[in-house]
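The structure appears below as structure tokens.
The values are calculated or read from the model by the stated rules, or taken from the named source; none is laboratory data. On a predicted model such as this, the values are computed, not experimentally measured, just so you know. Glycine also receives a Cβ, built like all others from the backbone with ideal geometry; neighbour counts cover every protein chain displayed.
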Amino acid sequence: MPHYSAKFQCFAGCEGSYPVTKALYRCPTCGGLLEVKHDMNALRDRSAAAWMRTFEERYMRTSWPYGSGVWGKREWVMPEVTDDAIVSTGEGGTNLFWAERLGKEIGLPDLWIKQCGNAHTGSFKDLGMTVLVSVVRHAMKIGDLAPRAIACASTGDTSAALAAYGAAAGLPVVVLLPKGKVSTAQLVQPLAHGAKVLELETDFDGCMEIIQKLAAEGLIYLANSMNPLRIEGQKTVAIEMTQQFDWQVPDWVVIPSGNLGNASALHAGFEMMRELGVIQRMPRLLVAQAANANPMYRAFVAGTEEVSPIAAQKSHASAIQIGNPVSAPRAMRALKAMNGVVEQASEQELADACARADRTGLYTCPHTGVALACVFKAREKGIIKANERVIVVSTANGLKFTEFKLGYHEKAFPELDSRLRNQPIVLPANVDAVKEALG
Ligand SMILES: *Cc1c(COP(=O)(O)O)cnc(C)c1O
Ligand SMILES: [Zn+2]
């Protein structure tokens, strides 16, 4: 693949491009965000049909590295990384769950859940982290990088993914977590992988501020999605879901959003397919936010380009409890290009959506609950029509959020009405007692 290439460029359009193997997180000219730009002319050496065939032939195979849905699309993702540098746990290839019962209940029979939480570390973060850690290893091989550690601030899933990929590569990892604001599973993951776990008395935004300072001083290599390498891996979810529908574009894609990297990654994936002729139209984008952490929603309602930072309030959707989203400009562009809307869900609405979805066989994390609650609202308002195909990106596995789910069923949260709660019935080991309980 030598003639395919990708470089960093300024998101706002300043001149100049930079190797992706350098530790660079901001435009040297304006200080703004960077993005990865591919040599699109080189990629046009194959027809859209040829690319689709290649991706299908590789999908879910065992030959390294094509067991990964990310690396099966490597020319579109990070073409210069060699096989021996790739750190993969077999990302992507997650199923589309047809939410038949739930969809019927809300008058939306074509409702699908892209189960990105069925992943090695239990969230979609693996898709981006395999690219970032692989580029680091490649950069170390060619002498562009010698990081003391790879590090991130996290609401729990980024740190889990970074710790796992760092451990698989044998690279030191440091994670900054807001103390008491991630689930037990999310705290255990980086501990188990041997990462240095620093719990700070602040929220995610506070951790993000500190990690950016460490990165600016060159003390760590930054693994947050401010680093556009993550977006390149995450964008494959757009390509993969389209491929799973035999290259038909859905009408809507719904995504729970905090730092807004993943929303922009979806756009990047669809845009690349459009530019290379694989698809002819864009789906619409529904960005779903928790009402307690809703800076993008506020900007959308106010009709402003600028997303003003807020102090995020506590949310059960802890992975999106973010008030100052780093990728806001990227997400704004995605929203425009995809004729998007932003909706929000209260704590009660997200909890109800989770419980209701679980009753139909899903096992939803609170963020997916936010997305589903926003689908319910958009359907009621007529924004989403009955005949439209909707794909909800489920960002994490419900098993990571046992405290939230158990707390709901035990009615442990005084502020929440647990109307769909279900409780175990404790009985003596006695057949008659069991018969009586059966009713
Ligand atoms: C990271 C994460 C999100 C938010 O993604 P952003 O790119 O920060 O918007 C949503 N849900 C889960 C479970 C996450 O881990
Ligand atoms: Zn710039």
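Answer yes if at least one residue in the stretch 17-30 is within 18 Å of E275 (Cα to Cα) and more than 16 Å from ligand 1 (Cβ to nearest atom), and no otherwise. So that I can check it myself, show each step before the final result.
Initially, the stretch 17-30 is screened for residues within 18 Å of E275 (Cα to Cα), giving none.
Checked the stretch 17-30: no residue is within 18 Å of E275 (Cα to Cα) and more than 16 Å from ligand 1 (Cβ to nearest atom).
Report, ordered by the first and then the second residue, all pairs with beta carbons closer than 7 Å, sequence separation of six or more or different chains, a first member in the stretch 405-425 that is closer than 19 Å to S183 by Cβ, and a second member that is among the aliphatic types (A, V, I, L, M) and part of a loop (DSSP other than H, G, I, E, B).
Between residues of the stretch 405-425 that are closer than 19 Å to S183 by Cβ and residues that are among the aliphatic types (A, V, I, L, M) and part of a loop (DSSP other than H, G, I, E, B), the close pairs are Y408/L416.
State whether the residues of the stretch 361-371 include one that is surrounded by 15 or more Cβ atoms within 10 Å (Cβ to Cβ) and away from ligand 1 (no atom under 14 Å from the Cβ).
Yes, the stretch 361-371 has at least one match.
Which ones in the stretch 133-148 are within 17 Å of D84 (Cβ to Cβ) and among the aliphatic types (A, V, I, L, M)? Can you show your working first?
So the first thing to find is which residues in the stretch 133-148 are within 17 Å of D84 (Cβ to Cβ), and the list is 133-145.
Across the stretch 133-148, the qualifying residues are V133, V135, V136, A139, M140, I142, L145.
Looking for whichever is under 22 Å from L229 (Cα atoms) and surrounded by 22 or more Cβ atoms within 10 Å (Cβ to Cβ) here; the options are G13, G69. Which one fits?
Exactly one of G13, G69 is under 22 Å from L229 (Cα atoms) and surrounded by 22 or more Cβ atoms within 10 Å (Cβ to Cβ), namely G69.
From the list V307, V287, V278, which residue is closer than 20 Å to E347 by Cβ and either part of a loop (DSSP other than H, G, I, E, B) or touching a residue at least 24 places away in the same chain (Cβ under 8 Å) (or both)?
V287
Please go through the stretch 352-388 and pick out each residue that is more than 19 Å from T121 (Cα to Cα), touching a strand residue (DSSP E or B) at 6+ places or on another chain (Cβ under 7 Å) and assigned to a loop (DSSP other than H, G, I, E, B).
Once the filter is applied, which keeps residues that are more than 19 Å from T121 (Cα to Cα), touching a strand residue (DSSP E or B) at 6+ places or on another chain (Cβ under 7 Å) and assigned to a loop (DSSP other than H, G, I, E, B), the stretch 352-388 yields I383, I384, E388.
Out of A302, A337, I need the residue that is free of Cβ contacts under 8 Å to residues at least 40 places away in the same chain and either more than 20 Å from the chain's Cα centre (by Cα) or surrounded by fewer than 22 Cβ atoms within 10 Å (Cβ to Cβ) (or both). Which one?
Values: A337 fails: free of Cβ contacts under 8 Å to residues at least 40 places away in the same chain.
One residue alone meets the criteria, A302.
In the stretch 310-342, how many are more than 16 Å from ligand 2 (Cβ to nearest atom) and in a loop (DSSP other than H, G, I, E, B)?
Count: 16.
Yes/no per residue for (1) within 16 Å of ligand 2 (Cβ to nearest atom); (2) part of a strand (DSSP E or B); (3) touching a helix residue (DSSP H, G or I) at 6+ places or on another chain (Cβ under 6 Å):
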site: Q9; (1), (2), (3): yes, yes, no
site: A12; (1), (2), (3): yes, no, no
site: K22; (1), (2), (3): yes, no, no
site: Y66; (1), (2), (3): no, no, yes
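Residue by residue, here is whether (1) over 18 Å from V131 (Cβ atoms); (2) away from ligand 1 (no atom under 16 Å from the Cβ); (3) in a strand (DSSP E or B); (4) touching a Ser or Thr at 6+ places or on another chain (Cβ under 9 Å) holds:
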| site | (1), (2), (3), (4) |
| --- | --- |
| M226 | no, no, no, yes |
| P250 | yes, yes, no, yes |
| V254 | yes, no, yes, no |
| S264 | no, no, no, yes |
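Give G166, G180, G92 a once-over and let me know the one that is assigned to a loop (DSSP other than H, G, I, E, B) and buried (at least 24 other Cβ atoms within 10 Å of the Cβ).
G92
Here are A378, A355, A351: which of them is small (G, A, S), surrounded by 15 or more Cβ atoms within 10 Å (Cβ to Cβ) and within 16 Å of ligand 1 (Cβ to nearest atom)?
Only one candidate passes the filter, namely A351.
Taking the stretch 72-87 only, how many residues are assigned to a loop (DSSP other than H, G, I, E, B) and surrounded by 22 or more Cβ atoms within 10 Å (Cβ to Cβ)? Break it down stepwise before answering.
Just the residues of the stretch 72-87 that are assigned to a loop (DSSP other than H, G, I, E, B), to begin with: 78-82, 86-87.
Checking the rest, the ones that are also surrounded by 22 or more Cβ atoms within 10 Å (Cβ to Cβ) come to 78, 81, 86-87.
Selection size over the stretch 72-87: 4.
Does G233 satisfy being closer than 30 Å to R148 by Cα and either among the hydroxyl-bearing types (S, T, Y) or surrounded by 22 or more Cβ atoms within 10 Å (Cβ to Cβ) (or both)? Full working, then the answer.
Working: closer than 30 Å to R148 by Cα: yes; either among the hydroxyl-bearing types (S, T, Y) or surrounded by 22 or more Cβ atoms within 10 Å (Cβ to Cβ) (or both): yes.
Yes.
Evaluate the following for A238: is it modelled with pLDDT of 95 or more, surrounded by 24 or more Cβ atoms within 10 Å (Cβ to Cβ), touching a strand residue (DSSP E or B) at 6+ places or on another chain (Cβ under 8 Å) and assigned to a helix (DSSP H, G or I)?
Yes, satisfied.
Provide a single number: the residues in the stretch 114-163 that are buried (at least 24 other Cβ atoms within 10 Å of the Cβ), basic (K, R) and over 18 Å from V182 (Cβ atoms).
1
Restricting to the stretch 389-418, what's the tally of residues that are outside any helix (DSSP H, G or I) and of a type in the set (A, V, I, L, M, F, W, C)?
8
Which condition from (1) in contact (Cβ under 8 Å) with a residue 60 or more places away in the chain; (2) crowded, with 17+ Cβ neighbours inside 10 Å; (3) aliphatic (A, V, I, L, M) is the one that V173 breaks?
It fails just one condition, (1).
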